[in-house]
Amino acid sequence: MAEHVSTAVVTAPQPVHPASMPAPAPATTPVSVARGGPTGRPRTRRLAPGPRRPYARLLGPLLLLAVWAGASGAGLLDPRVLPAPWTVLHTGAHLWTGGTLRTDLATSLWRAAQGFAIGLAAGVVLALAAGLSRTGEALIDGTVQVNRAVPTLGLIPLFILWLGIGETFKVVIIAIVVYIPVYLNLHAALAGIDARYVELAEVLRLSRWQFVRQVVIPGALPGFFVGLRLAVTGSWLSLVVLEQINATNGLGYLMFQAQNYGQTDVIVLGLLIYGVFGFASDSAVRLLERRVLAWRRSLSS
Amino acid sequence: MAPLTEQLKAPQPTPTPSRPAVRLTGLTRSFGARTVLDGVDLDIPAGQFVALLGHSGSGKSTLLRAVAGLDHDTAGSGELSTPERVSVVFQDSRLLPWRRVLDNVLLGTPKRDAEGRDAAGRGRAALAEVGLAGRENAWPGQLSGGEQQRAALARSLVREPELLLADEPFGALDALTRIRMHTLLRELWQRHHPSVLLVTHDVDEAAVLADRVLVLDHGRIAVDLTVDLPHPRSYRDPRLGEYRERLLAALGVRPDGEPAGGN
């Protein structure tokens, strides 16, 4: 009896359970295993990352926050070096209701917004002038490249002498930091318009204005958005520097004062606010990009 | 290979109009020291369907680009007259990926034409004619290669061209799609009757579609052959074989059926 069973096992195409047990659905095992999984798909390895999940980009920052909170709660962090998140929040609430945080924040936002708007407009206008005419390119492109080679923050002393230590010079510095990436990316995108589309426009007898509006500018938008995102980050970055060296109010000033009095929690609060604003503005640009460049999504779907 | 300018008999079914749609006289184009078109003379009567064959580098694309007015920076001489309304179909569809299909078709056309007809309506009609009704609002990236080329045809059509230039328009399509596009192009021609200059390297395509086939060789028109067969033509039509062999011979392919280069 035992011998009989063993021979049956040997001659079977693959190891099966003893005859006494119900064989678990043998139909699923043959053929399909070799070329397809249970979903009827050939077994290829997916090389592209899987589909994107909404808000997944928040995961990293939240994890960092959790580690910070955990370490503080466990007493691993000296509060003089890095205070706990709740201490920072408490300080924030305190400064918001009783301190200068509200006006500092408004001042900083206003500076960043002004500088950003001026820089954006200048970058777009210059890039269009340089990208759409040879004269414009001859006049503008070299100049901007020189300007780009000069570290903008190195211009601060000169600008203070020229414009005084008030708001103007801060806004101008932010505008310079903003216009450079906008110009560079938009100009490159305008110059890189596919020659095939230029031919098409000629054949269709488009006017110069139609060509610019319907072919060149939409074609350059992806490049423009790359510059825009760099510009948003740049405006925050320069704000920090400007407000820490020459200001009597603003978020950077708040942090600078806190440094003098050893208030680590206020410094960390300032950094958190910068981080949140930077992240939020970048997300806003991304959202806008997805709206405006809707046609690109169709390529991947 | 003597330049055999021959007519395989042709009592023209339509009387030739007094003035040809396209006239090239002594057209010369050169890139540096290399002369690509060497004094081409060519008349295309209004409404004629002409195919232009040639090896790669024979100058056929240069000729088409000259007629289309796309060779701004090329040195050359000669005279060239073309009709007012010229449309071009390229090998790639050249649909702008950021405009929906209907907006691509209507690119550069005024909202209302001289007779007050609505452009969008005509665009829709053109899309329907090429079999793309219902795809007006798709992005070009959502269309297949054949559909994109159909949309490009619709874009040409909506301009009501007197001359349609096509530079290997089906070269990038698969064989089945190409045959369907042949039928479509021929139908559109029968309905709208523009003059057509179709540049191709495909001898069969030229023989099946065109009423007149030119072979360009070393910058000159070496063969001017009238294909006098009724439409629709089948690739299997034995009478087509005779034309095919003549054309292959003109292209320097031996008649024993050695593979033709680029086919």
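Every number here is computed from the coordinates shown, using simple stated rules; none is lab data. Please read these numbers as outputs of a predicted model, since none were measured by experiment. Cβ coordinates were reconstructed from backbone atoms using ideal geometry, including for glycine residues, and neighbour counts include every protein chain displayed.
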**OP:** Mind listing the long-range amide H neighbours of A:Gly250? Cut-off is under 5 Å, sequence gap 5 or more, other chains count too, H placed in the peptide plane at 1.01 Å from N.
**Re:** A:Asp104
Original post:
Between A:Arg80 and A:Ala191, what FRET efficiency follows from the Cβ-Cβ distance if R0 is 45 Å, with the result rounded to 0.05?
Top reply: 0.25
Original post:
For the stretch B:97-160, what D do you get in µm² per second when you plug the Kirkwood radius from alpha-carbon pairs into Stokes-Einstein at 25 °C and 0.890 mPa s?
Top reply: 215 µm²/s
**OP:** Grab the Cα-Cα distance for A:Leu64 and A:Thr248, subtract it from 0.36 nm times how many residues apart they are, and report the gain in nm with one decimal.
**Re:** 63.0 nm
Subject >> Backbone N within the stretch A:205-242 under 13 Å of label point (7 Å from A:Asn147 Cα along the Cβ vector) >> reply: none
Subject >> Ranked B:Val67, B:Val105, criterion: other C-beta atoms within 10 Å, fewest first >> reply: B:Val67, B:Val105
Original post:
Do any trypsin sites (Lys or Arg not before Pro) in the stretch B:115-200 lie in a DSSP loop with no more than 14 other beta carbon atoms within 10 Å, and if so, which?
Top reply: B:Arg117
**OP:** Report the longest stretch of chain A that contains none of the trypsin sites (Lys or Arg not before Pro) sitting in a DSSP loop with at most 16 other Cβ atoms within 10 Å.
**Re:** A:81-204
**OP:** Just need the relative contact order of chain A here, percent rounded to a whole number, with Cα pairs under 8 Å and 6+ apart.
**Re:** 18 percent
Original post:
So how tilted is helix A:101-132 from the main axis of chain A? Cα-based, degrees 0 to 90, rounded to 10.
Top reply: 90 degrees
**OP:** Could you go through the stretch A:153-161 in sequence order and give the Karplus-derived ³J(HN,Hα) for each residue, using 6.51 cos²θ - 1.76 cosθ + 1.60 with θ = phi - 60°, rounded to whole Hz, and x for Gly and Pro?
**Re:** 5, x, 7, 3, x, 4, 5, 5, 4
**OP:** Using just the helices of chain A, give the 222 nm mean residue ellipticity in deg cm²/dmol: DSSP H runs with n ≥ 4 each add -39,500 (n - 2.57), and the total is spread over all residues, rounded to 500.
**Re:** -23000 deg cm²/dmol
Original post:
Pairing the Cα long axis of helix B:119-129 with the longest principal axis of chain B, what angle in degrees results, from 0 to 90 and rounded to the nearest 10?
Top reply: 50 degrees
Original post:
For chain B, what is the relative contact order in percent, using Cα pairs closer than 8 Å and at least 6 residues apart in sequence?
Top reply: 28 percent
**OP:** Name the most mobile residue of A:Gly252, A:Gly98, A:Gly123, meaning the one with the largest mean-square fluctuation, in a Gaussian network model of chain A with Cα contacts below 10 Å.
**Re:** A:Gly98
**OP:** Before rounding to the nearest 500, sum -39500 (n - 2.57) across all DSSP H runs of length at least 4 in chain B and divide by the residue total; then give [θ] at 222 nm in deg cm²/dmol.
**Re:** -8500 deg cm²/dmol
Original post:
Where is the GNM fluctuation largest for chain B (alpha-carbon springs, 10 angstrom cutoff): B:Ala119, B:Ala250, B:Ala33?
Top reply: B:Ala33
Original post:
Under the Karplus relation 6.51 cos²θ - 1.76 cosθ + 1.60, θ = phi - 60°, what is the ordered set of whole-Hz ³J(HN,Hα) values for the stretch B:236-247, x standing for Gly and Pro?
Top reply: 8, 3, x, 5, 5, x, 4, 4, 4, 5, 4, 5
**OP:** Would you mind ranking A:Thr100, A:Thr135, A:Thr39, B:Thr82 so that the residue whose beta carbon has the fewest other beta carbons within 10 Å leads the list?
**Re:** A:Thr39, A:Thr135, A:Thr100, B:Thr82
Original post:
Can you give me the Cα centroid spacing of the stretch A:255-270 and the stretch A:225-248 in angstrom?
Top reply: 19 Å
Subject >> Residue with peak Gaussian network fluctuation, chain B [Cα springs, cutoff 10 Å], from B:Leu185, B:Leu216, B:Leu165 >> reply: B:Leu185
Subject >> Degrees separating the helix A:264-292 axis from the principal Cα axis of chain A, which is the longest one >> reply: 70 degrees
**OP:** Tell me, rounded to the nearest percent, the portion of alpha carbon pairs in chain A spaced more than 29 Å apart.
**Re:** 59 percent
Subject >> Length-normalised contact order of the stretch B:97-160 in % [C-alpha pairs under 8 Å, at least 6 apart] >> reply: 45 percent
**OP:** Name the shape class, rounded, prolate or oblate, that the alpha-carbon gyration tensor gives for the protein assembly as shown, where a ≥ b ≥ c are the square roots of its eigenvalues, rounded holds for a/c under 1.5, and otherwise prolate holds if a/b is larger than b/c and oblate otherwise.
**Re:** oblate
